[in-house]
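Rule-based calculations on the coordinates, nothing more; no lab input. If you're wondering where the values come from, they're calculated on a predicted model, not measured in any experiment. Cβ: placed from backbone, ideal geometry, glycine included. Neighbour counts: every protein chain shown.
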Amino acid sequence: MISIRHEYTPCTAEPVLPDDLGFGRIFTDAMFVQDYAPQSGWRDARIVPYAALALDPAAQAFHSGQMVFDGTKAYRRPDGRINLFRVERNAERFNRSAQRMGMPPVPVADHVAAIEALVRAQARWVPARSNAALYVRPVMIGAEATLQVRAAHTYLHYVILSPVGSLYGEAFRPVSVHVSHEHVRAVRGGTGEAKTPGNYAGSLYATEQARTLGHQQVLWLDAVERRYVDEVGAMNIAFVYQGRHIRTPTLSGSILPGITRESLLQLAPDLGFTVEETRLDVDEVFDAIRTGTITEAFGMGTGALISPVGRLAYREQEAVINGFEPGPVARALFDALTAIQYGRRPDPYGWTRTLDAA
C-alpha cells in the first residue's frame, strides 16, 4: 500500500471562486507527486503545494512525446460529503494508456489512494453548486533527459485538481459540429485508444478551422475509409433513433473507451432505452436526420458528461437535429447520471466512492 507524505499545510479559509468557473482555468493549491526509476519503482509519494514542475529541457516528454493523462471528477453531495465517480476505471484506463506509450503502470490501488488523499486534503475546493465539480487530472510524463528515441527510464506521476463548470459554457446547450473529411484524429493500431496529448494536439488545427466556420467541435471519421463516425471533439458520440434506440460507434481501436460512455450504455436500458454498438456511415446518418429517423445526437465524456449536438455540417450538407434543442433522451440520461454522481439518488451500480469532507 502506498505511503503518502504530506508536505502541504492545509489552509482553512474557503477559496473564493468566481460565478463562472469555466473549465480547467482555476487550480487548487496542492498536488500529488511521485517519481519512478527502474531500480526502485514508484517512490516518494507526496502531497505538496501546487507549483511549477522542474524538468530538464531534454526530458523525454518534450522530445519523444511520452505523456499520458486521464480525468475524473469529485462531486459535492447534498449531505456535504464528496463522491468520486468510477475512479478505479479511470486508473485502469490510465494504465492502458501508459502501456501503449511504453510507460510503467501505477498500481490501481495506489493511484486511487493518491486521488482520495489529495481530494480529502482539498475538500474545500469541491464546489457546492449545480453543474460544477472538482476535476481530477492524473498525468504521467517521461522525465529522463535524453534525445534518444526510446522509452524513458525515469517518470513523474502527478495529480492536479481544478474546480470546473460546464465544458462548453452553458450546461446542456447544443453545439454545432463540423464533420472533417480532410483531417483524421486517429487510426486503428495507433494511439487513439490512449489518452495521450499527441492525439489532442493533432486535432487542434481542424478544430480551429471548424470554429472559423461557426462550429464548436469536429466530428471525426475513421482514418481508413473516411466514412464511418469515430468521435466528436474529445468525446464519444451517440445518435438516438426514433426517440428510443441509442446507437454509438463500436470501439474500433481508434476510439477512446470512455468511462462516461460505458456508464451511459449500462444506465440506458434501465431507463427504457435500447442500446447498440455498431458502425455508423456518415452519409446514412445524414439521411436519417433528414427523414427524422435520428431524433437526437449527443457527445459523452467526463468534461461535459453529455453534450447535445444540434447541427452537423459535412461538405455542402447541413442538418439540424431536434430543432437545435436538447432532446428528452439526452436529458433523461444526464439527469439520471448526475443524480448518482452528486449523491441525489442511491447508486445501484457501485460506481461511487464517498469521502468525508474533513
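Numbers below:
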{"item": "Span from the the range 8-31 Cα centroid across to the the range 117-184 one, whole angstrom", "result": "15"}
{"item": "Cα Rg over Rh - the range 175-341, Kirkwood", "result": "0.93"}
{"item": "Spatial separation of Cα centroids for the range 55-81 and the range 221-283, in angstrom", "result": "26"}
{"item": "Only Lys, Arg (+1) and Asp, Glu (-1) charged, at Cβ; the chain dipole about Cα centre in debye", "result": "480"}
{"item": "Local net charge near Gly41, Cβ-Cβ under 14 Å (Lys/Arg +1, Asp/Glu -1)", "result": "-2"}
{"item": "The chain, Rg to Rh (Cα coordinates; Rh as Kirkwood inverse mean 1/r)", "result": "0.97"}
{"item": "Compactness relative to 2.2 N^0.38 Å, alpha carbon Rg of the range 1-120", "result": "1.18"}
{"item": "Value of Rg to Rh for the range 166-225 (Rh from inverse mean 1/r over Cα pairs, i.e. Kirkwood)", "result": "1.00"}
{"item": "Global form of the range 121-230, assessed from the alpha-carbon gyration tensor, a/c cut-off 1.5", "result": "oblate"}
{"item": "The range 262-358, Cα convex hull volume normalised per residue, Å³", "result": "125"}
{"item": "Karplus (6.51, -1.76, 1.60) ³J(HN,Hα), θ = phi - 60°, over the range 54-68, in Hz, Gly and Pro reported as x", "result": "9, 10, 5, x, 9, 4, 4, 4, 7, 10, 10, x, 6, 7, 9"}
{"item": "Geometric extent, Cα atoms of the range 1-57 - Rg, Dmax (angstrom)", "result": "15.1, 48"}
{"item": "Under the Karplus curve 6.51 cos²θ - 1.76 cosθ + 1.60, θ = phi - 60°, whole-Hz ³J(HN,Hα) for the range 119-126, x wherever Gly or Pro sits", "result": "5, 4, 5, 10, 4, 5, 8, 6"}
{"item": "Fraction of antiparallel bridges per DSSP, the chain only, in percent to nearest 5", "result": "80"}
{"item": "Two-site FRET efficiency, Glu318 against Tyr50, from Cβ-Cβ distance with R₀ of 45 Å, rounded to 0.05", "result": "0.50"}
{"item": "Value of [θ]222 nm, deg cm²/dmol, for the chain, DSSP H segments ≥ 4, -39500 (n - 2.57) each, nearest 500", "result": "-7000 deg cm²/dmol"}
{"item": "FRET efficiency for His153 and Glu262, using Cβ-Cβ distance with R0 set to 56 Å, rounded to 0.05", "result": "0.95"}
{"item": "Charge context of Asp356, other residues only, Cβ under 11 angstrom, K/R +1, D/E -1", "result": "+1"}
{"item": "Rg(Cα) / (2.2 N^0.38 Å) computed for the range 130-183, rounded to two decimals", "result": "1.85"}
{"item": "Check: the range 143-295 dipole with +1 on Lys, Arg Cβ and -1 on Asp, Glu Cβ, in debye", "result": "180"}
{"item": "Förster radius 25 Å - calculated FRET efficiency between Arg227 and Leu204 (Cβ-Cβ, nearest 0.05)", "result": "0.60"}
{"item": "Dipole magnitude of the range 139-197, debye to nearest 20 (Cβ charges: Lys/Arg +1, Asp/Glu -1, about Cα centre)", "result": "100"}
{"item": "Mean projected area in nm² (Cα convex hull; one quarter of hull surface) for the range 36-89", "result": "6.4"}
{"item": "Listed residues Ala74, Leu271, Gln242: farthest to the positive end of the dipole of the chain (Cβ charges)", "result": "Ala74"}
